[in-house]
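A short worksheet on the structure shown next.
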Amino acid sequence: MAIRRIIRMGHPTLRQVARPVPRKAIGTAPLGRLIDDMVDTLHDYGGIGLAAPQVGESLRLAIVEITGGATRYGDVPAMPLTVFINPEVTIMNPETAGNWEGCLSVPGLRGFVERPQQIRVTALNESGARQDLELEGFLATVFQHEFDHLDGRLYIDRLKDPASLVFENEYLRYHAAGD
Ligand code: NI
């Protein structure tokens, strides 16, 4: 297990469409190591989600872990550590709502992004078992943010208003209270 360096906006890998994880790689030691490294990295950086391209591996793999309660994203629901391999997202309701998003690959900034708040996610877990999840609200936002990374997209691509891209300190000072 090891902490990996998270690549930042400007690194070309963040803009690539990641390739699917081959079925035969699931459950192998190298993929298990990558997942362990991603968990260590997520804990070390203090994030709530991490996609493999962010550690320089252009694979359709992401993890999410939210302790819940009061976080730097406000008061949010908990989600135990979950691994998503080759995920697919279906929008259940196109109605959107906005959240102030941040990204470990875009450190120090926040941006206000509107996304659908009701989605279904189908993916494989680390043992290759299929998982089906219905997610709402903040969790729906987090998953769409992570899955965007697998398609070479960053949340800043989705800002409706460029004026809503702000530094974290200014976010806390001027915007957080309005949530
Ligand atoms: Ni991100």
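Every number in this text was worked out from the coordinates using simple rules, so none of it is lab data. These figures come from a predicted structure and were not determined experimentally. A quick note on method: Cβ atoms are made from the backbone with ideal geometry, for glycine too, and the neighbour counts reach across all protein chains shown.
How would the chain be classified by its alpha-carbon gyration tensor: rounded, prolate or oblate, with rounded meaning a/c under 1.5 and the a/b versus b/c comparison settling the rest?
prolate
When each of the peptides 48-61, 77-90 is scored by the mean number of other C-beta atoms lying within 10 Å of its residues, the order from highest to lowest reads 48-61, 77-90. Taking every DSSP helix (H) stretch of at least 4 residues in the chain, weighting each as -39,500 (n - 2.57) and dividing the sum by the residue count yields a mean residue ellipticity at 222 nm of -5500 deg cm²/dmol.
Taking amide H as placed 1.01 Å from N in the peptide plane, the amide H of Leu59 sits under 5 Å from that of Arg19, each at least 5 places away or on another chain. Each Lys or Arg adds one and each Asp or Glu subtracts one; over the other residues with Cβ under 13 Å from the Cβ of Pro20, this totals +1. For the stretch 159-166, the Karplus equation 6.51 cos²θ - 1.76 cosθ + 1.60, evaluated at θ = phi - 60°, returns couplings of 5, 6, 10, x, 5, 8, 9, 9 Hz by residue, with Gly and Pro reported as x. Close amide H partners of Thr96, meaning residues 5 or more places away or on another chain with modelled amide H under 5 Å apart, do not exist here. Note on Tyr174 and Gln118: their simple-model spin labels are 3.5 nm apart, each label 7 Å out from Cα toward Cβ. Our coupling estimate for the stretch 133-142, obtained by passing each phi through the Karplus curve with A = 6.51, B = -1.76, C = 1.60 and θ = phi - 60°, is 9, 10, 10, 10, x, 4, 5, 4, 5, 4 Hz, Gly and Pro reported as x.
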